[in-house]
1. Assuming residue 42 fulfils every condition listed in (1) closer than 28 Å to residue 221 by Cα; (2) assigned to a helix (DSSP H, G or I); (3) of a type in the set (D, E, K, R) apart from one, which condition is it?
2. How many residues, within the range 161-184, are surrounded by fewer than 24 Cβ atoms within 10 Å (Cβ to Cβ) and either in contact (Cβ under 8 Å) with a residue 40 or more places away in the chain or touching a Cys at 6+ places or on another chain (Cβ under 8 Å) (or both)?
3. Of all residues in the range 15-30, which are in a helix (DSSP H, G or I), surrounded by fewer than 20 Cβ atoms within 10 Å (Cβ to Cβ) and in contact with a strand residue (DSSP E or B) (Cβ under 7 Å, 6 or more places away or on another chain)?
4. Taking residue 245 as meeting all but one of (1) modelled with pLDDT under 90; (2) part of a helix (DSSP H, G or I), write down the number of the exception.
Amino acid sequence: MAMVLVVEDNPVNMRLAVLLLRKAGHSPLCAVDAESALTMARSAAPDLILMDCQLPGMDGRAATALLKQDPATAGIPVVALSAAPLALVRESSRAGTGDAFLAKPLHFPDLCATLDRLLGRSAGSAIAAVPAPIQGAEADRNAETPPVDLTVLESLVGPDPETMLEFFAGFVHSALRTRLELHRACDEGQAHVASRLAHSLRSSALMVGAGRLAALCAEIEIAGSVGTVDAPGALLPAFERELESVVSFLQNRSVSAGLS
Ligand code: MN
């Protein structure tokens, strides 16, 4: 068992990381920003750090550079996490200082293999615990594609309805909050804030299998990064419609499962 510090600002992504680390037999510690991660790395001396690249304030790469400069923490392996397109991250991590990279949403076999490699263990033992392939979601497929592909989350957390509903509830909660913040950012002309919010929501939308919503978030993220608020604002009506259909799909599932 290793102590693994997870640095992640998105609560849904954090929940998945904690769940998968526990499943692999490790003991997770959580930090929601770079500053508290640096403090915890020094005080708790974790065996390994999973570091989100996009964090509010100091970003993950700057935090990793500081960890590697400090003799007290320089020996701790750091795995960079990002939901950004892989090519982009690989390119930028060349200038970074992390020891490995994992794409979000985290996949259990990849996480285990990377942890085993960096912790100096032989791979294979934990991989036996990979969730079985999904059967139950087939019935939800119909002629028109539903807003959520249930097989995506099931493949990440395993065929456990209660855990899935917990993730869906966490996703709905954070998505509705992000929607309000996104509107405010567009109203106030904060294009880069809109871009960052869309990025964060995109990674959890990918995790719960809301592919169309994730694609709309990617468009808002790119439009906002250019720096004018008109572009992300113009995408809001389509985003609203898709978010509403995702939320009502997930809420109907919670009710029908009797666990809402
Ligand atoms: Mn983040």
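The values are calculated or read from the model by the stated rules, or taken from the named source; none is laboratory data. None of these values were measured; they are calculated from a predicted model. As a convention, Cβ positions derive from the backbone with ideal geometry for all residues, glycine included, and neighbour counts pool all protein chains shown.
1. Of the numbered conditions (1) closer than 28 Å to residue 221 by Cα; (2) assigned to a helix (DSSP H, G or I); (3) of a type in the set (D, E, K, R), the odd one out for residue 42 is (1).
2. Total meeting the criteria: 14.
3. Those that are in a helix (DSSP H, G or I), surrounded by fewer than 20 Cβ atoms within 10 Å (Cβ to Cβ) and in contact with a strand residue (DSSP E or B) (Cβ under 7 Å, 6 or more places away or on another chain): 18, 22.
4. (1)
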